[in-house]
Amino acid sequence: MHSIRIQLLAFITAVLLIFLVILNIYPITSSRDLIFEEKKSALSGQAAVVASSLSGLDRLAPDSVREVLQLLDLGGYSRTVVAGADGTVVYDDAASAGGAADNADILASLEGKCVFRSHFTEEAFFSSYAMPVTSRGTTIGVVYLCEEDTERAAVISDIQSRLLRFSAAIGAVALLFAALFSSVLLSRMRELVRSIRIVAGGDYAHRLVTRGRDEITELGEEFNQLTERLEDTEKQRRRFVSDASHELKTPLASIRLLSDSIVQSENMDGGTMREFAADIGHEAERLQRTTEKLLDLSRLDDDVQVIDEPVDIKLTTVDALSVLRPLAEEKGVKIRCELEDGCVVMANTDDMFHIVFNLMENAVKYNVPGGSVLVKTATEDDRIVLSVSDTGIGIPEEDRLNIFARFYRVDKARSRASGGSGLGLSIVHDAVLAHGGTIAVGQNKPQGSVFIVSFPRPTSEETGI
């Protein structure tokens with residue numbers, strides 16, 4: 001966390017420094033450039049006036065040049081120099097005339113060039129301009145003007161000083177706010193990390209208190225939703241383990257009790273012993289059914305990839321009917337089928353058999369003597385629909401949301417008596433979803449229940465039919 005704070009502060013500091021550097025450099029540079037252009041314009045104009053005035057002379061003599069300059073009344077310049085065609089200084093108001101000009105700008109101007117120079121220091125703007133003096137197309141000399149502007153230099157220096165103070169204040173305030181912002185941000189992140197560690201430790205009931213509307217709040221809300229799902233999953237897991245242990249413990253206890261009775265009874269007659277052995281077989285069969293269903297659920301939970309193939313629901317229903325017919329006759333329940341041809345879905349054959357068989361078995365088991373079961377298959381638009389309705393005990397409205405939960409029973413006593421484990425509908429539900437289908441339950445009229453399963457209708461390219 002400390003490294004993130006350092007990185008964040010370093011980034012903000014770098015951005016702030018770039019901004020402050022631009023703030024301090026650009027205005028001053030722009031102001032200096034504008035003054036330089038103004039100086040060049042003013043000096044070139046004044047030099048042109050002087051050169052034009054001197055161009056009327058046949059030659060640049062000291063007296064005549066002095067008279068012309070006095071008439072022009074040049075003021076505000078720190079130095080004015082006029083040199084002849086041979087480079088001899090004929091007029092210099094800052095030094096004695098008569099010597100050779102050693103200024104490079106003057107020498108360059110004798111070749112017909114105009115030379116401007118200007119630079120800025122904290123004390124003044126120092127500017128100079130050299131221009132050739134021509135007469136009848138011939139260079140007869142050079143006029144050289146120098147200017148020292150302290151007033152504008154003072155203004156620029158004052159602006160620069162104020163910008164520095166302003167930048168320092170902005171920088172201090174910005175860094176203070178950046179430190180506070182990073183502290184609040186990292187505090188929220190630490191709170192989120194602490195919550196993650198609490199949940200990782202097994203406390204799935206913990207929730208993060210969120211506030212604000214930013215991305216960290218959104219992350220916290222996602223974390224709370226994930227934790228809520230984990231809590232629900234953990235509750236389901238514990239309930240599943242408890243119910244599975246109970247389901248397995250009950251037949252095992254019965255088997256042990258019956259076997260102990262046989263072992264401990266020395267004078268048990270053959271009929272009683274065969275009855276006990278038959279009961280042991282029934283409990284073992286019940287234990288086997290529960291184990292097989294648990295294995296089916298485990299396979300569905302693990303999302304084991306199986307190769308789907310075209311499965312005709314009509315043929316699957318006929319197979320399930322042949323297996324359930326003895327049970328239906330024993331219960332006194334009549335099974336009717338209205339099966340439409342061509343109801344083919346892409347699924348696993350075993351899964352589809354489990355779906356049809358479990359729905360039909362429940363419809364028979366939880367029916368009333370003399371009741372009936374109706375199994376229908378049909379094609380509706382782009383869906384294949386399977387419905388199983390019965391005239392049995394029905395499902396109360398408050399229990400419909402839970403009937404697909406594992407080990408859930410509407411009537412626990414009756415379900416256990418009929419050999420139900422509470423896993424059949426869970427297997428049906430997971431298998432239907434695994435193959436892209438939907439399942440719904442409703443109330444049959446006048447009594448009983450109806451389960452409606454719907455699958456996507458495959459294309460001819462998928463089925464190869």
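The values are calculated or read from the model by the stated rules, or taken from the named source; none is laboratory data. Not measured: the values here are computed from a predicted model. Positions of Cβ are generated from backbone atoms using ideal geometry, with glycine treated the same way; all protein chains shown enter the neighbour counts.
Flag: G112 does not match the condition of being crowded, with 16+ Cβ neighbours inside 10 Å, out of contact with any His (no Cβ under 9 Å at 6 or more places or on another chain) and on the phi > 0 side of the Ramachandran plot.
In region 189-208, the qualifying residues are those that are among the hydrophobic types (A, V, I, L, M, F, W, C) and not in a helix (DSSP H, G or I), and the one that is surrounded by the most Cβ atoms within 10 Å (Cβ to Cβ) is L208. The number of residues in region 388-429 being assigned to a loop (DSSP other than H, G, I, E, B) and either modelled with pLDDT under 60 or under 25 Å from E283 (Cα atoms) (or both) comes to 15.
This table checks each residue for (1) within 60 Å of the chain's Cα centre (by Cα); (2) surrounded by 12 or more Cβ atoms within 10 Å (Cβ to Cβ); (3) among the hydroxyl-bearing types (S, T, Y); (4) not in a helix (DSSP H, G or I).
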{"position": "I18", "(1), (2), (3), (4)": "yes, no, no, no"}
{"position": "T29", "(1), (2), (3), (4)": "yes, no, yes, no"}
{"position": "S64", "(1), (2), (3), (4)": "no, yes, yes, no"}
{"position": "T80", "(1), (2), (3), (4)": "no, yes, yes, yes"}
{"position": "I106", "(1), (2), (3), (4)": "no, yes, no, no"}
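Scanning region 321-345 for residues that are small (G, A, S) and surrounded by fewer than 20 Cβ atoms within 10 Å (Cβ to Cβ) turns up S322, G332, G342. Comparison of L230, L186, L175 shows that the only residue that is assigned to a helix (DSSP H, G or I), more than 30 Å from T80 (Cβ to Cβ) and in contact with a Phe, Trp or Tyr (Cβ under 9 Å, 6 or more places away or on another chain) is L230.
Yes/no matrix, rows are residues, columns are (1) assigned to a loop (DSSP other than H, G, I, E, B); (2) outside the structural domain of P62 (by TED's automatic domain parsing); (3) surrounded by 15 or more Cβ atoms within 10 Å (Cβ to Cβ); (4) at pLDDT below 90:
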| site | (1), (2), (3), (4) |
| --- | --- |
| D86 | yes, no, no, yes |
| A97 | yes, no, yes, yes |
| R117 | no, no, yes, no |
| M131 | no, no, yes, no |
| V142 | no, no, yes, no |
| C146 | no, no, yes, no |
| R152 | no, no, yes, yes |
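Taking the criterion of being crowded, with 18+ Cβ neighbours inside 10 Å and not hydroxyl-bearing (S, T, Y), the residues of region 359-375 that qualify are L359, M360, E361, N362, A363, V364, K365, N367, G371, V373, L374, V375.
Conditions first: (1) touching a residue at least 12 places away in the same chain (Cβ under 8 Å); (2) farther than 30 Å from L17 by Cβ. A104 passes all but one, so which condition is the exception? The number of the failed condition is (1). Kindly establish whether V356 is surrounded by 22 or more Cβ atoms within 10 Å (Cβ to Cβ) and assigned by TED's automatic domain parsing to the domain that holds S426. Here the answer is yes, as V356 does meet what is asked. Here is a check on your reading of the model: is R188 among the charged types (D, E, K, R), in contact (Cβ under 8 Å) with a residue 24 or more places away in the chain and in contact with a helix residue (DSSP H, G or I) (Cβ under 6 Å, 6 or more places away or on another chain)? Judged against the criteria, R188 is a match.
On the basis of being more than 44 Å from the chain's Cα centre (by Cα), within 16 Å of E329 (Cα to Cα) and of a type outside the set (A, V, I, L, M, F, W, C), does S372 make the cut? Yes: the conditions hold for S372. The condition of being loosely packed, with under 15 Cβ neighbours inside 10 Å and among the aromatic types (F, W, Y) holds for F166.
In summary, L23 fulfils each of the numbered conditions (1) farther than 21 Å from F116 by Cα; (2) modelled with pLDDT of 85 or more; (3) in a helix (DSSP H, G or I) with the single exception of condition (2).
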